[in-house]
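Q: The structure that follows is given in the form of structure tokens.
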Amino acid sequence: MATKRTTTKTPTATAPDPVEPASCQPCGGSGNVAITVRVGRKRRPVGQQDGLCLNCLGSGTDPDA
């Protein structure tokens, strides 16, 4: 006759999969955004240059996620 099991087996804890942080929406994860350069008294736009993303401060990851 088979012996009756009196102890219960505890489930083993599995580590969660590493989640990649979400990329920042305004800069697309690059950390840079295009800033319009304006010159003259009428402040007319002449071009664009790279600027630091103020949402993620250049890290490229979404701070709200």
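Q: Could you run through region 33-49 and say how many residues are assigned to a strand (DSSP E or B) and either open to solvent by 70 Å² or more (accessible area, probe 1.4 Å) or charged (D, E, K, R) (or both)?
A: 7
Q: Return the only residue of Pro16, Pro26, Pro21 being assigned to a loop (DSSP other than H, G, I, E, B) and either at positive phi or touching an Asp or Glu at 6+ places or on another chain (Cβ under 8 Å) (or both).
A: Pro21
Q: Give region 50-61 a look and list any residue that's farther than 10 Å from Val33 by Cβ and part of a strand (DSSP E or B), or say none.
A: Result: Thr61, single match.
Q: Hey, could you check region 7-32 for residues that are within 30 Å of Gly51 (Cβ to Cβ) and exposed (fewer than 10 other Cβ atoms within 10 Å of the Cβ) and say which is modelled with the lowest pLDDT?
A: Val19
The values are calculated or read from the model by the stated rules, or taken from the named source; none is laboratory data. What you see is a predicted model; the values in this text were computed from it and never measured. Here the Cβ is made from the backbone with ideal geometry for all residues, glycine too, and neighbour counts use every protein chain on show. Keep in mind that these areas ignore ligands, DNA and RNA; they rest on the heavy atoms of the full protein, side chains included. Shrake-Rupley method; radii C 1.70, N 1.55, O 1.52, S 1.80 Å.
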